[in-house]
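Heads up, the thing below is written out as structure tokens.
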Amino acid sequence: AVPQLVRLLDDREGAVRAAAATALGEIGLPAAQPAVEKLRKIRGDARFGDPQAGPAARKALEKLGVKE
């Protein structure tokens, strides 16, 4: 499931990206490791992050235990 969820992080719909990020956070490490860099990009910062999926990506990274 992880490869498909990673692809969904690039979806045009923010709700789809958010759902994929949430699912990856639930899957956990080490399985979700391939998604970490994309989740970081989606999380971004207040100016450049993904306004729809950014909060879900931030929460997923927290669940994965990934530090800034």
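Listed by first and then second residue, the pairs with beta-carbon distance under 8 Å, at least 6 apart or on different chains, first residue in segment 1-16 and over 17 Å from Arg40 (Cβ atoms), second open to solvent by less than 100 Å² (accessible area, probe 1.4 Å) and of a type in the set (Val, Ile, Thr), are Ala1/Ile27. The residues of segment 1-25 that are outside any helix (DSSP H, G or I) and over 19 Å from Val66 (Cα atoms), listed by number, are Ala1, Asp10, Asp11, Arg12, Glu13.
Once segment 26-48 is narrowed to residues that are over 14 Å from Pro3 (Cα atoms) and open to solvent by less than 60 Å² (accessible area, probe 1.4 Å), the residue that is modelled with the lowest pLDDT is Gly44.
With respect to the stated conditions, Pro51 fails to be at pLDDT 95 or above, open to solvent by 20 Å² or more (accessible area, probe 1.4 Å) and not in a helix (DSSP H, G or I).
The values are calculated or read from the model by the stated rules, or taken from the named source; none is laboratory data. No experiment lies behind these values; they were computed from the predicted model shown. Cβ sites come from the backbone with ideal geometry, for glycine too, and all protein chains shown count toward neighbours. For accessibility, only protein heavy atoms count, side chains too; no ligands or nucleic acids. Shrake-Rupley method; radii C 1.70, N 1.55, O 1.52, S 1.80 Å.
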